[in-house]
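First up is the structure itself, then whatever we jot down about it.
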Amino acid sequence: MAKKKGNAKSGIICLVIVFALFGYLGYVMGMAPMLKTVMATAHDLLLNTVFFLMAVCVITGALGRIFVEFGVVNLLEKLLRPLMKPLFNLPGVASLGAVMTFLSDNPAIISLAHDKRFSSYFKKYQLISLTNFGTAFGMGLLVIVFMMGLGFFAAPLIGFVGAMVGCIVSTRLMQRFVIKAYPSYLEENACEAIVETEKEEDNSEQSMFVRILNSLLDGGKTGVDVGLSIIPGVLIISTFVMILTFGASADGSYTGAAYEGVELLPWLAGKINIVFEWLFGFADPHLVAFPITALGAVGAALSLIPTFVAEGWADGNAIAVFTAIGMCWSGYLSTHTAMLDSLGYRELTSKAILAHTIGGLVAAIVAHWLFFLYALI
């Protein structure tokens, strides 16, 4: 009986929120123009943003698979290994997780964590912090290539440095939270060490052409899968964020065209704009829509940038900040719960989210001030 009452209560709350949202939008825009704008915006995002992002995913997926096939990933792992302990307080093998998530997406770190050969190098508190560590590098290659495709080159690289700093903060904070909650995890091994007996498959008998062709096609197929997976986030989240971000048509009326809206988010951001201007260097309150969207899906957040650039709101500083916070947060609100649940530590989700929220903000602040110094030079 209590369960039915709980379901009824949550159902009522859901209806109130839905009617309040659409009632507000319909009141300001008119019900018919509002519905037309929702459909037109989603349609335009699908045609002009999602397919572009999918193309980027296919290219970066193919490039990532080439790196794996010809040993570039192993080379990067060896080069980065000495940095893991002093920067992230993680074993050297964690660098492999950074490279793999950078080339693909956040969950790649979990597939590695489930491998006993990999996890045997970690203490429990370190293994749990991989959720934060891997998320901060998730879809990094896609984000950087996307920004460069818009004509920005130095800014995304500065943003990447900011994301690194944010990752350090997030990972180490998570480790502190875990040790405080479970002191025994400081010394407990994640799993027992095992003897390496398997050998890598020898592909030397295949011709160079076949290896390149297979890598490109397999990686491209993975890119298509990633591109398809971002469609719901882009169409649902971005559509409503844009309606809450942009205003009416040029003459102040609502025609039902794509990207019309009520400008609620800029209005709210304008009330505390000095905070965003000082911390992130945002010259326009509309830009706050990016970090809000990146909380749920970085692919959806990227879909906002072409419009920001076209409107003249986004400059090099904004691109650096977007890269940093987009990489570091990388839709962590939608992935942290599933990732920690997969590792068997669901009860630590709130701590992981808090640590990563702080890490993402630090990443954005560092990127802003690094770009400020770069601009002075």
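Brief remarks on what is shown
- Selection of helices (runs of 4 or more DSSP H) fully inside segment 38-156 by the criterion of at least 2 residues being in contact with a His (Cβ under 8 Å, 6 or more places away or on another chain) returns 124-135.
- Hey, A355 at pLDDT 85 or above, in a helix (DSSP H, G or I) and touching a Pro at 6+ places or on another chain (Cβ under 8 Å) or not: no
- Within segment 7-30, tally of residues that are of a type in the set (V, I, T) and touching a residue at least 24 places away in the same chain (Cβ under 8 Å): 1
- Flag if T197 is at pLDDT below 85 and crowded, with 17+ Cβ neighbours inside 10 Å: no
- Residue match in segment 91-109 (condition: aliphatic (A, V, I, L, M), without any contact (Cβ under 8 Å) to a residue 24 or more places away in the chain and either closer than 21 Å to L173 by Cα or touching a helix residue (DSSP H, G or I) at 6+ places or on another chain (Cβ under 7 Å) (or both)): yes
- Among residues of segment 218-235 that are surrounded by 16 or more Cβ atoms within 10 Å (Cβ to Cβ), those with a Cβ under 6 angstrom from a residue that is hydroxyl-bearing (S, T, Y), sequence gap 6+ or separate chain, pair up as V234/S303.
- First in segment 146-160 and among the charged types (D, E, K, R), second anywhere and surrounded by 24 or more Cβ atoms within 10 Å (Cβ to Cβ), Cβ under 8 Å, 6 or more apart: none
- The residue list A113, A94, A108, A98 contains one member that is touching a Leu at 6+ places or on another chain (Cβ under 8 Å), modelled with pLDDT under 85 and either aliphatic (A, V, I, L, M) or crowded, with 21+ Cβ neighbours inside 10 Å (or both), which is A113.
- The listed residue being polar (S, T, N, Q), outside any helix (DSSP H, G or I) and modelled with pLDDT under 85, out of S204, S253, S249, S215: S204
- Test set (1) part of a helix (DSSP H, G or I); (2) crowded, with 16+ Cβ neighbours inside 10 Å; (3) in contact (Cβ under 8 Å) with a residue 40 or more places away in the chain - A375 fails condition number: (2)
- Meets criteria (farther than 30 Å from A352 by Cβ and touching a Pro at 6+ places or on another chain (Cβ under 7 Å)) for P266: yes
- When segment 265-315 is filtered for residues that are surrounded by 21 or more Cβ atoms within 10 Å (Cβ to Cβ), touching a residue at least 40 places away in the same chain (Cβ under 8 Å) and assigned to a loop (DSSP other than H, G, I, E, B), the ones remaining, listed by number, are F280, G281, A297, S303, L304.
- Answer residue from segment 133-153, given it is of a type outside the set (F, W, Y) and touching a Gly at 6+ places or on another chain (Cβ under 7 Å) and is nearest to N48 (Cα to Cα) among those: V143
- Failed criterion for S238 (all others in (1) without any contact (Cβ under 8 Å) to a residue 60 or more places away in the chain; (2) closer than 15 Å to S330 by Cα hold): (1)
- One residue stands out in segment 339-357 among those that are touching a residue at least 40 places away in the same chain (Cβ under 8 Å) and either exposed (fewer than 15 other Cβ atoms within 10 Å of the Cβ) or charged (D, E, K, R) (or both): the one that is farthest from Y125 (Cα to Cα), namely L354.
The values are calculated or read from the model by the stated rules, or taken from the named source; none is laboratory data. The structure presented is a predicted model; accordingly, all values stated were derived computationally and were not measured. Note: ideal-geometry Cβ built from the backbone for every residue, glycine included; neighbour counts use all protein chains shown.
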